[in-house]
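Below: the structure, in structure tokens.
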Protein chains: 2
Amino acid sequence: MCLIVSDVTSDTPAPLSAIEQRVLDAALECSARWGFARVTIDDIARSSGVSRASIYRFFPGGKEVLFESLRVRELEAFFTELRTEVAASESLEDLMVRSVVTATRCLRNDAHLASMLASEPGEALGQLTVDGLPRIIRMASMTLIPLARPFMAPHDASRVIDLLARLTISYFLAPSEDVDLTDEADARRFLAPVLAVAAGAGSEHPITPDRSSR
Amino acid sequence: MCLIVSDVTSDTPAPLSAIEQRVLDAALECSARWGFARVTIDDIARSSGVSRASIYRFFPGGKEVLFESLRVRELEAFFTELRTEVAASESLEDLMVRSVVTATRCLRNDAHLASMLASEPGEALGQLTVDGLPRIIRMASMTLIPLARPFMAPHDASRVIDLLARLTISYFLAPSEDVDLTDEADARRFLAPVLAVAAGAGSEHPITPDRSSR
DNA sequence: GACGCTGAGACACAGTGTGTCTTATCGTCT
DNA sequence: AGACGATAAGACACACTGTGTCTCAGCGTC
């Protein structure tokens, strides 16, 4: 609990300077071209025009810290765009459907993500599932809970968003024949029951009944 | 002189086995994805399903030898395709124009070449100009001199082919606003004078007058 | 059963990227 | 003009990783 709070507050620790942005841009470009594992700090330095020394100054800890910053930045950009797309929704269903559709479309149109998935599936998948998923869900919650406020209590919204985020990523990574989540009507048809169940069940009993006995 | 002969005869030293082809395929794929400098033998081994030990067995000398074989194979494939495209030409001009046009189109459609040029201009350019150009010209001569035989003496054809190969590569690397060598009519209009001059001058006096005095 | 071929792994070595320095250079502010 | 902060450039030791060469085991073929 404490961890989560400190995590959330430290999510926007410092607005990045222009030079840091340039470094991250270069890192994004390089990793898209060569894959995360094959990029060197030197590549990023050359590509950004920022000296290696300065990169270490800005991102003490080197590559790991740098790419962590990059992931945070990209994630924030992603959800900032998502928010502007869905802010005007006038019902819970609208909000959720449009969020899923917009997110899926963004993911599908992301050339960098596609390169990463192609050239380094391990790393990229990790950032979409095990390692990165909690953060993604946290960002999704921070973005969407306020927008869901008029329709739903934060606690219930949180559970629905968690579910939808997982579904979105799963259907992005392994599209189903049955539903195309980039198509709004299709997505609405598919998501309506899910939303109904999740929303309905929410207030009654916890979504994860205690199974620690088995 | 002696060198050239030995070079030509050693150009087709051994037909590659299926497993060697697989290795080269993998090398091509890997280098297209990551760039020549970033590919490891391990990548190629994994990608081809051939063990590292075997790769060194087939290409003693490692990466350098392997990629040399790859370049030879690609070059041969290129000119084999070119020959089938232009074999039916019924005049010298036809032959030369169609060769240039076909070659230019092939170069422009070559995704691997494009990747290499994008990610590692130095290496790729070297193979198209300083280091690789003599070989390209040699292959072009071997391919086209026989086809030009009905219209032109080998010695003259050799000089014309040399010239056209250089022009083709130059216009591929730095296209001109004035002429589009992928367009046959355009190329014909552009090349006709060149062909006339080169062919005409050939029989009269050497194309490289002795300037050793300066 | 002998043979050839391939994969798997160990090995020393060289090369290169890393992360941390120090120093030089630039632009800005006072 | 001088002082200051920020950045580039380069040196450095270190660790890691890719290389090239082994040896050995497994497999199929003759």
Flagged pairs (Cβ under 8 angstrom, 6 or more apart or on separate chains; first in region B:58-72, under 15 Å from B:H112 (Cβ atoms); second within 15 Å of DNA strand C (Cβ to nearest atom) and at pLDDT below 90) are B:F67/B:F36
Checked against (1) within 24 Å of B:C30 (Cα to Cα); (2) surrounded by fewer than 18 Cβ atoms within 10 Å (Cβ to Cβ), B:Q127 satisfies every condition except (2)
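For (1) without any contact (Cβ under 8 Å) to a residue 12 or more places away in the chain; (2) hydrophobic (A, V, I, L, M, F, W, C); (3) open to solvent by 30 Å² or more (accessible area, probe 1.4 Å), each residue gets a yes or a no:
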{"site": "B:F79", "(1), (2), (3)": "no, yes, no"}
{"site": "B:T84", "(1), (2), (3)": "yes, no, yes"}
{"site": "B:E90", "(1), (2), (3)": "yes, no, yes"}
{"site": "B:V97", "(1), (2), (3)": "no, yes, no"}
{"site": "B:R105", "(1), (2), (3)": "no, no, yes"}
{"site": "B:R108", "(1), (2), (3)": "no, no, yes"}
{"site": "B:S119", "(1), (2), (3)": "no, no, no"}
Taking region B:50-93 and keeping residues within 13 Å of DNA strand C (Cβ to nearest atom) and of a type in the set (G, A, S) leaves B:S51, B:A53, B:S54, B:G62
Residue check for B:V100: within 12 Å of DNA strand C (Cβ to nearest atom) and either touching a Ser or Thr at 6+ places or on another chain (Cβ under 6 Å) or not in a helix (DSSP H, G or I) (or both)
no
If we keep just the residues of region B:37-78 that are small (G, A, S) and outside any helix (DSSP H, G or I), which is farthest from DNA strand D (Cβ to nearest atom)?
B:G49
Here are A:A201, A:A196: which of them is open to solvent by 60 Å² or more (accessible area, probe 1.4 Å), among the small types (G, A, S), at pLDDT below 95 and in a helix (DSSP H, G or I)?
A:A196
Filtering region B:143-160 down to residues that are closer than 14 Å to B:R83 by Cβ and part of a helix (DSSP H, G or I) yields B:T143, B:L144, B:I145, B:P146, B:L147, B:A148
The one condition in (1) crowded, with 17+ Cβ neighbours inside 10 Å; (2) at pLDDT below 95 that B:H155 fails to fulfil
(1)
Hits in region B:24-49 (condition: more than 11 Å from chain A (Cβ to nearest Cβ), within 15 Å of DNA strand C (Cβ to nearest atom) and open to solvent by 20 Å² or more (accessible area, probe 1.4 Å)):
B:D25, B:F36, B:D42, B:R46, B:S47, B:G49
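Is it true that some residue in region A:138-152 is open to solvent by 50 Å² or more (accessible area, probe 1.4 Å), of a type in the set (K, R) and in contact (Cβ under 8 Å) with a residue 60 or more places away in the chain? I'd like the intermediate steps shown before the answer.
Step one: of region A:138-152, the residues open to solvent by 50 Å² or more (accessible area, probe 1.4 Å) are A:142, A:146, A:149-151.
Applying the additional criterion that residues be of a type in the set (K, R) yields A:149.
If we keep only those that are in contact (Cβ under 8 Å) with a residue 60 or more places away in the chain too, we end up with none.
There is no residue in region A:138-152 that is open to solvent by 50 Å² or more (accessible area, probe 1.4 Å), of a type in the set (K, R) and in contact (Cβ under 8 Å) with a residue 60 or more places away in the chain.
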So A:V130 clears everything in (1) part of a helix (DSSP H, G or I); (2) closer than 30 Å to B:W34 by Cα; (3) under 18 Å from the mean Cα position of the chain (by Cα) except one condition, right? Which one?
(1)
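The values are calculated or read from the model by the stated rules, or taken from the named source; none is laboratory data. As the structure is a computational prediction, the values presented were derived from the model and not from experiment. Because the Cβ atoms are built from the backbone with ideal geometry, glycine has one as well, and the counts that use them run over all protein chains shown. Heavy atoms of the whole protein, side chains included, go into the accessibility calculation; ligands, DNA and RNA do not. Shrake-Rupley method; radii C 1.70, N 1.55, O 1.52, S 1.80 Å.
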